[in-house]
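K.L.:
What follows is a single structure, and I will ask about it in a moment.
The values are calculated or read from the model by the stated rules, or taken from the named source; none is laboratory data. Nothing here was measured: the structure is a model prediction, and the numbers come from that model. Virtual Cβ from ideal backbone geometry, glycine too; neighbours counted across all protein chains shown.
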Amino acid sequence: MIQSLAAGGTAVERLRYSMELRRKADAEEMRALADLTVEHSWTTTDEYDVVGEHPVRLGADGSRLVGEFLPMEVAAIKGISVTAATWLLRDVLNLQARHPNLWRAVQAGNVAPFKGFRIAQLAARYELTQEQTLAVDAKLAGKIDRVSWARLQRLTRGLIGQLAADKIAAASRAAREARFVRSDPCDEAVVTEVWARLDTADAQQLEASIQAIAKALGSQGDTDNLDLRRAKALGILATPARAQALLEGSDDSRYLPRTKVYLHLTPDGPVARSETLGPLARAQLAELFGTHRITVTPVLHADAGQAVDCYEIPERTREAVVLRDVCEVFPYSSRTARRLDLDHTQPYRAGAAGQTRPDNLGPLTRRVHRAKTAGRWRLRQPRGGVFWWKSPTGQQYRVSPDGTCDLRGWSPLERKVSWLLDSG
């Protein structure tokens with residue numbers, strides 16, 4: 001049946017078959033994740049080492065405790081960030097403990113996991129107790145796979161409003177405490193996306209200012225469409241003096257903001273790499289530097305850094321490691337190295353000479369550092385910038401400036417040859 005559908009089935013048959021495969025795969029993944037949380041569960045009476053792994057409650061009220069390093073195992077296997085793995089396990093734990101009817105529907109493949117997660121997140125967002133959440137789940141039981149997704153969300157919100165009006169008011173207060181502004185470069189490095197959560201009144205004022213500056217740009221001869229002028233206007237607001245000048249009918253290039261950019265250069269290469277913007281072609285460099293006042297710090301890569309005997313890391317050594325590794329050296333991590341602590345791959349021992357050197361250092365987040373210190377994750381660095389990891393379950397990964405290699409499918413001989421090459 002599988003071969004006939006793959007080779008000769010109609011398009012409709014193959015579409016239905018692929019959807020069925022996806023449902024089964026999603027359901028099996030959820031069961032595997034649930035089993036992992038059971039295997040790594042803790043109780044409130046379990047003893048633990050102060051410097052070792054601790055129990056944490058990733059989920060909401062009523063969910064089981066798990067070992068704090070479990071998300072790292074899942075992150076490496078799935079090739080996602082530790083944060084994303086933490087959220088995934090949180091949602092699975094919440095579904096198990098707080099939404100039994102919805103969890104059964106997810107396990108049966110009748111509800112996509114992301115839909116179940118959204119309902120679980122909604123209940124957790126309003127800090128419903130386990131008892132309240134079980135009541136919501138019971139009232140939804142007969143509707144889970146019978147009503148549309150949008151309607152199911154509305155029903156859930158309505159039930160939460162009936163059971164916990166005080167929690168909705170508290171969530172409104174918490175929302176104001178969770179305001180933020182974030183930015184992240186797009187695939188094309190010369191543009192960046194910005195997200196923000198603001199007070200509604202501030203957002204309305206920001207909208208009015210953007211609209212006014214976009215109109216002023218148009219009146220001064222800018223022929224770009226309104227969306228482009230609005231994007232320019234938001235950027236101009238980063239320099240209040242220039243925004244004020246535009247609103248008064250003038251402009252001055254002296255108001256352009258200054259910033260600092262690290263450019264990683266290779267000899268005779270047509271592409272440079274910025275730590276914050278990613279790869280940049282020469283044409284993009286001209287476009288970027290021609291419209292902003294930027295201080296460029298060129299970085300020519302070379303094996304650098306003298307070994308020192310002290311535990312503290314000299315600034316020149318730290319700079320060499322950050323420029324070499326760029327990101328955290330845990331498998332698949334994308335966290336910027338410049339914001340992280342540097343860890344000694346071979347733990348520092350008082351009195352030993354030359355331990356603090358680039359080929360014994362790597363940037364790690366605090367959680368990964370703790371997992372390594374506790375001996376749960378094992379790390380070797382055969383040469384500067386290449387890191388070999390082994391997880392508590394025996395999974396192995398090689399991390400280098402080129403990215404992460406999952407060594408699961410490698411033969412022992414292939415691993416040995418690769419290690420020897422890395423050590424040479």
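K.L.:
Yes or no: the range 351-372 includes at least one residue that is at pLDDT 90 or above, in contact with a strand residue (DSSP E or B) (Cβ under 9 Å, 6 or more places away or on another chain) and exposed (fewer than 12 other Cβ atoms within 10 Å of the Cβ).
P.N.:
Yes; the residues of the range 351-372 include at least one that is at pLDDT 90 or above, in contact with a strand residue (DSSP E or B) (Cβ under 9 Å, 6 or more places away or on another chain) and exposed (fewer than 12 other Cβ atoms within 10 Å of the Cβ).
K.L.:
Going by the structure shown, is residue 320 farther than 20 Å from residue 373 by Cα, outside the structural domain of residue 73 (by TED's automatic domain parsing) and part of a loop (DSSP other than H, G, I, E, B)? Walk me through how you get there before you give the answer.
P.N.:
Numbers: farther than 20 Å from residue 373 by Cα: yes; outside the structural domain of residue 73 (by TED's automatic domain parsing): yes; part of a loop (DSSP other than H, G, I, E, B): no.
Answer is no for this residue.
K.L.:
Let me ask something additional. Are any residues in the range 348-390 in contact with a Gly (Cβ under 9 Å, 6 or more places away or on another chain), more than 23 Å from residue 314 (Cβ to Cβ) and part of a helix (DSSP H, G or I), and if so, which ones?
P.N.:
370, the sole residue that qualifies.
K.L.:
Take the conditions of a type in the set (Ser, Thr, Tyr) and either in the same structural domain as residue 22 (by TED's automatic domain parsing) or over 30 Å from residue 335 (Cβ atoms) (or both) and apply them to residue 192. Does it pass?
P.N.:
Values: of a type in the set (Ser, Thr, Tyr): yes; either in the same structural domain as residue 22 (by TED's automatic domain parsing) or over 30 Å from residue 335 (Cβ atoms) (or both): no.
No, not satisfied.
K.L.:
Considering only the range 73-93, I want to know if a residue exists there that is surrounded by 16 or more Cβ atoms within 10 Å (Cβ to Cβ), assigned to a strand (DSSP E or B) and outside the structural domain of residue 406 (by TED's automatic domain parsing).
P.N.:
no
K.L.:
Does residue 99 qualify as being on the phi < 0 side of the Ramachandran plot, surrounded by 18 or more Cβ atoms within 10 Å (Cβ to Cβ), in contact with a strand residue (DSSP E or B) (Cβ under 8 Å, 6 or more places away or on another chain) and of a type outside the set (A, V, I, L, M)?
P.N.:
Details: on the phi < 0 side of the Ramachandran plot: yes; surrounded by 18 or more Cβ atoms within 10 Å (Cβ to Cβ): yes; in contact with a strand residue (DSSP E or B) (Cβ under 8 Å, 6 or more places away or on another chain): no; of a type outside the set (A, V, I, L, M): yes.
Taking the combined requirement at face value, the residue does not satisfy it.
K.L.:
Okay, moving on. Taking the residues in the range 180-237 that are β-branched (Val, Ile, Thr) and part of a helix (DSSP H, G or I) as candidates, determine which candidate is farthest from residue 249 (Cα to Cα). Talk me through it step by step, then tell me what you get.
P.N.:
Taking the range 180-237 and keeping what is β-branched (Val, Ile, Thr), we get 181, 190-192, 194, 200, 210, 213, 223, 236.
Checking the rest, the ones that are also part of a helix (DSSP H, G or I) come to 200, 210, 213, 236.
On the way: 200: 29, 210: 15, 213: 10, 236: 14 Å.
Top of the filtered list is 200.
K.L.:
Right, something else. Return the residue satisfying two criteria in turn: it lies in the range 401-419 and is small (Gly, Ala, Ser) and surrounded by fewer than 15 Cβ atoms within 10 Å (Cβ to Cβ), and of such residues it is nearest to residue 332 (Cα to Cα). Reasoning before the result, please.
P.N.:
Within the range 401-419, the first condition is being small (Gly, Ala, Ser), and the residues that meet it are 403, 409, 411, 418.
Then drop every residue that is not surrounded by fewer than 15 Cβ atoms within 10 Å (Cβ to Cβ), which leaves 403, 409, 411.
Working: 403: 7, 409: 17, 411: 22 Å.
The extreme case among them is 403.
K.L.:
Just one of the numbered conditions (1) crowded, with 21+ Cβ neighbours inside 10 Å; (2) more than 18 Å from residue 334 (Cα to Cα); (3) in contact with a Pro (Cβ under 7 Å, 6 or more places away or on another chain) is not true of residue 384; which one?
P.N.:
Unmet for residue 384, out of (1) crowded, with 21+ Cβ neighbours inside 10 Å; (2) more than 18 Å from residue 334 (Cα to Cα); (3) in contact with a Pro (Cβ under 7 Å, 6 or more places away or on another chain): (1).
K.L.:
Right, here's the next one. Within the range 411-423, restricting attention to residues that are in contact with a strand residue (DSSP E or B) (Cβ under 8 Å, 6 or more places away or on another chain) and of a type outside the set (Lys, Arg), which residue is nearest to residue 325 (Cα to Cα)?
P.N.:
If we filter the range 411-423 for residues that are in contact with a strand residue (DSSP E or B) (Cβ under 8 Å, 6 or more places away or on another chain), which is where we start, we get 415, 418-419, 422-423.
Now restrict to residues that are of a type outside the set (Lys, Arg): 418-419, 422-423.
On the way: 418: 20, 419: 19, 422: 16, 423: 18 Å.
Here the answer is 422.
K.L.:
Which condition number does residue 152 fail, the rest of (1) surrounded by fewer than 21 Cβ atoms within 10 Å (Cβ to Cβ); (2) under 30 Å from residue 393 (Cα atoms) being met?
P.N.:
All conditions pass for residue 152, except number (2).
K.L.:
For the range 367-390, does any single residue satisfy the condition of being in contact with a helix residue (DSSP H, G or I) (Cβ under 7 Å, 6 or more places away or on another chain), among the polar types (S, T, N, Q) and either in the same structural domain as residue 81 (by TED's automatic domain parsing) or within 26 Å of residue 69 (Cβ to Cβ) (or both)?
P.N.:
yes
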